[in-house]
Amino acid sequence: MASRKDTTGLDNLAFDIGEQVNDQPRKKKGKGKTKGSSFEEDEDRNKPIYSVTQVPPWYLSIFLAIQHYLTAFGSIIAIPLILAEGLCLQHDSLTQSRLINTIFFVSGLCTLMQVTFGVRLPILQGGTFALVTPAIALLSLPEWECPAWTQNASLVNTSSPVFIEVWQTRMRTLQGSIMVASLLQILVGFSGLIGLLMRFIGPLTIAPTISLIGLSLYDSAGTKLGSHWGISAMTTALIILFSQYLRRVPIPVPAYNKARKLHVSKIFIFQSIPILLGILVSWLVCYLLTIYDVLPSDPDVYGHLARTDVKGNVVSEAPWFSVPYPGQWGVPTVSLAGVMGIMAGIICSMAESVGDYHACAKLSGAPPPPKHAISRGIGVEGLGCLLAGAFGSGNGTTSFSENVAALGITKVGSRMVILLSGVFMILMGMLGKIGAIFATIPTPVIGGMLLIMFGVISAAGISNLQSTDMNSSRNIFVFGFSIFTALVVPNWVMKNPDFFKTGVKELDQVINILLSTHMFVGGFLGFFLDNTVPGTKRERGLFASDESDLKGLSETDEVYDLPFGITSCLSSQSWVRFVPFCPQKRNRTQCNSEEKRTSFNEQPQKCADVTEECAF
């Protein structure tokens, strides 16, 4: 594929409007085309220009790597800014900038681990909103509520040992809870249990769980939106304009290659980084309104938080270069209630990641991921959460669905591009000034961004229902009851935190955390009802996943082999077949095309050896 004419430089299909506008390829002139040839051409257009193991030219690789980094930027940066209030850091912008640097640094490390030793697909790793809700629930417990004086900017001395101990105590508890909970993901991944669990976790479990990530954070988004409705509305409108109305409008840029020399190429910049562009434009407007004193300078007056000088001299005070390290906030501590809540979020993250692996494989031209690759990918994500907890990002890591979608836009499925993205994130995480700049984003601008992001997350969860039969009254009941109950119960528990009194403080905390975590309530009800209320596999949306599993059994590819010849070295060892996350060099009996068109149940003898060798 790399030898094709349209793979040179910036002239590939992702960038040149003359060749393709998104999913609308230019029609070629010609007569006498048959239906079969037209179908083959459509299939060819859907193939990636660069497959997983191919490497684009260095300049194209760098450009695409930066694009993936910017695509993930909005989601990654939002997490520490949301957690800042629960950590009592809303008036400490310098520490917020350090959290931003830390989460970028850890995301880069985890991306390198996942692409090199994990599932080995071009899939970016970053922070997960699935852990934000239980983290906020933990920090909302009466014992962890922020002191009243931390809410007043004039009373906060960010260098005071008392203030430092206030926020670091909360961070260390959050760190320890994430580290202990990540052991569950490591165990489920490397033991191969993920395959067993996914048999019982269907769309009716995943849909309410993911949707509730966005729905449960409406209060946080509303608070930031209300700091200045005009600026928030402008930010939201700009992101909608860029991502929906202008996404197919190309921007001409100068380009050069050996074939066409200096020429003009066209890039779909609005489709690639709409969130970043919306933030930058709104940020600039706030800056202009600040320097001309249009916005109020009195902290007690409505609209003050839209000023760009609210965060003080955080940029000048931040170091140019700093390296995050494990234990930078002190020795982590563990909260049983926190561990249970974070575990609920991790289970949600695992289910979402498995879906991302299959989508990424399809878009990058790789065969469906085998069980050993999925097990290894989930295990490495667990190690990533362990690292994130140790470094103190206040969050874990997961696969980014946004970047999987970007593969379908660029038609470049090379994992080298994602490796470079990981390197960029590590570098950005070490530049202290970069994190400080992002920490100064005005509050209403963040609110406008969250309004879009949380809405998309909620809709993304509902989209999991597309394989289920939503004409079924059974499915409508399971989904509707799970969603509504998960909104009602946590809301009541948060308003009545002292209702559960068992006499055991730790048990009271666990009950409060679990019942105030929307994802846990909705996910548990969806899981229980979907697996107990009678329904067919097709009705429940499990039939499609079964078909993809069977398809994966009949295909082989070395994409998922471990690097540096590790797979070849292990293949001679007899014990490797008992290790669920290790690939094996196997001699498979190939079924002919006629046999592949029939089900495995209909051809048990001819394909038996293929099935046995693929089973773990």
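The values are calculated or read from the model by the stated rules, or taken from the named source; none is laboratory data. Everything numeric here is computed off the predicted structure, so don't read it as measured data. Positions of Cβ are backbone-derived with ideal geometry, glycine not excepted, and every protein chain shown enters the neighbour counts. For accessibility, only protein heavy atoms count, side chains too; no ligands or nucleic acids. Shrake-Rupley method; radii C 1.70, N 1.55, O 1.52, S 1.80 Å.
Take Thr95 and decide whether it is modelled with pLDDT of 75 or more, part of a helix (DSSP H, G or I) and crowded, with 17+ Cβ neighbours inside 10 Å.
yes
Residues are listed down the side, and each one gets a yes or a no for (1) exposed (fewer than 14 other Cβ atoms within 10 Å of the Cβ); (2) under 30 Å from Pro122 (Cα atoms); (3) modelled with pLDDT of 90 or more:
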position	(1), (2), (3)
Phe268	no, yes, no
Gly278	no, yes, no
Asp293	yes, no, no
Leu305	no, no, no
Ala318	no, no, no
Pro324	no, yes, yes
Ala337	no, no, no
Asp356	no, yes, no
Condition broken by Ile347, with the remaining ones in (1) closer than 19 Å to Ile213 by Cβ; (2) touching a strand residue (DSSP E or B) at 6+ places or on another chain (Cβ under 9 Å); (3) open to solvent by 10 Å² or more (accessible area, probe 1.4 Å) satisfied: (2)
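Please count how many residues of segment 505-545 are under 22 Å from Ile210 (Cα atoms), over 25 Å from the mean Cα position of the chain (by Cα) and either at pLDDT 90 or above or of a type in the set (D, E, K, R) (or both). Working first, answer last.
Quick first cut of segment 505-545, residues under 22 Å from Ile210 (Cα atoms) only: 510-533, 537-545.
Right, trim to over 25 Å from the mean Cα position of the chain (by Cα) and you get 510-512, 528-533, 537-540, 543.
Then keep just the ones that are either at pLDDT 90 or above or of a type in the set (D, E, K, R) (or both); that gives 528-533, 537-540.
Going through segment 505-545 one residue at a time, the tally reaches 10.
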Test: residue in segment 148-168 that is open to solvent by less than 10 Å² (accessible area, probe 1.4 Å) and either acidic (Asp, Glu) or closer than 29 Å to Leu70 by Cβ (or both): no
Hey, Val119 closer than 21 Å to Asn395 by Cβ, of a type in the set (A, V, I, L, M) and open to solvent by 10 Å² or more (accessible area, probe 1.4 Å) or not: no
Residue list for segment 177-202, restricted to those being under 20 Å from Phe520 (Cα atoms) and open to solvent by less than 20 Å² (accessible area, probe 1.4 Å): Ser177, Ile178, Ala181, Ser182, Gln185, Val188, Ile194, Gly202
Count of residues meeting criterion [open to solvent by 10 Å² or more (accessible area, probe 1.4 Å), at pLDDT 90 or above and of a type in the set (Val, Ile, Thr)] in segment 399-436: 2
Residues being closer than 17 Å to Gly341 by Cβ, open to solvent by 80 Å² or more (accessible area, probe 1.4 Å) and charged (D, E, K, R) - total across segment 494-521: 2
Residue within segment 452-471 that is open to solvent by 30 Å² or more (accessible area, probe 1.4 Å) and out of contact with any helix residue (DSSP H, G or I) (no Cβ under 9 Å at 6 or more places or on another chain) present: yes
Among the candidates Ala137, Ala233, Ala221, residue that is out of contact with any Cys (no Cβ under 9 Å at 6 or more places or on another chain) and surrounded by fewer than 20 Cβ atoms within 10 Å (Cβ to Cβ): Ala233
Residue match in segment 282-291 (condition: more than 29 Å from the chain's Cα centre (by Cα), modelled with pLDDT of 85 or more and outside any helix (DSSP H, G or I)): no
Where Gly312 falls short, out of the listed (1) of a type outside the set (S, T, N, Q); (2) at pLDDT 85 or above; (3) open to solvent by 20 Å² or more (accessible area, probe 1.4 Å): (2)
Selected residue (criterion: nearest to Lys266 (Cα to Cα)) from residues of segment 48-69 that are over 24 Å from the mean Cα position of the chain (by Cα) and not aliphatic (A, V, I, L, M): Tyr59
Lone unmet requirement of (1) buried (at least 19 other Cβ atoms within 10 Å of the Cβ); (2) small (Gly, Ala, Ser); (3) within 20 Å of the chain's Cα centre (by Cα) for Ala439: (3)
Contacts under 7 angstrom Cβ, first residue in segment 202-223 being within 24 Å of Thr536 (Cβ to Cβ), partner outside any helix (DSSP H, G or I) and among the polar types (S, T, N, Q), 6 or more apart: Pro203/Thr468; Leu204/Thr468
Only listed residue being open to solvent by 10 Å² or more (accessible area, probe 1.4 Å), under 19 Å from the mean Cα position of the chain (by Cα) and over 15 Å from Ser458 (Cβ atoms), chosen from Ser227, Ser243: Ser243
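I need the helices (runs of 4 or more DSSP H) fully contained in segment 298-414, keeping only those with at least 1 residues that are over 20 Å from Phe73 (Cα atoms), touching a Cys at 6+ places or on another chain (Cβ under 8 Å) and touching a residue at least 24 places away in the same chain (Cβ under 8 Å).
Filter on segment 298-414 gives 336-363, 371-391.
Does Met449 count as open to solvent by less than 50 Å² (accessible area, probe 1.4 Å) and either free of Cβ contacts under 8 Å to residues at least 40 places away in the same chain or within 30 Å of Phe117 (Cβ to Cβ) (or both)?
Working: open to solvent by less than 50 Å² (accessible area, probe 1.4 Å): yes; either free of Cβ contacts under 8 Å to residues at least 40 places away in the same chain or within 30 Å of Phe117 (Cβ to Cβ) (or both): no.
Answer is no for this residue.
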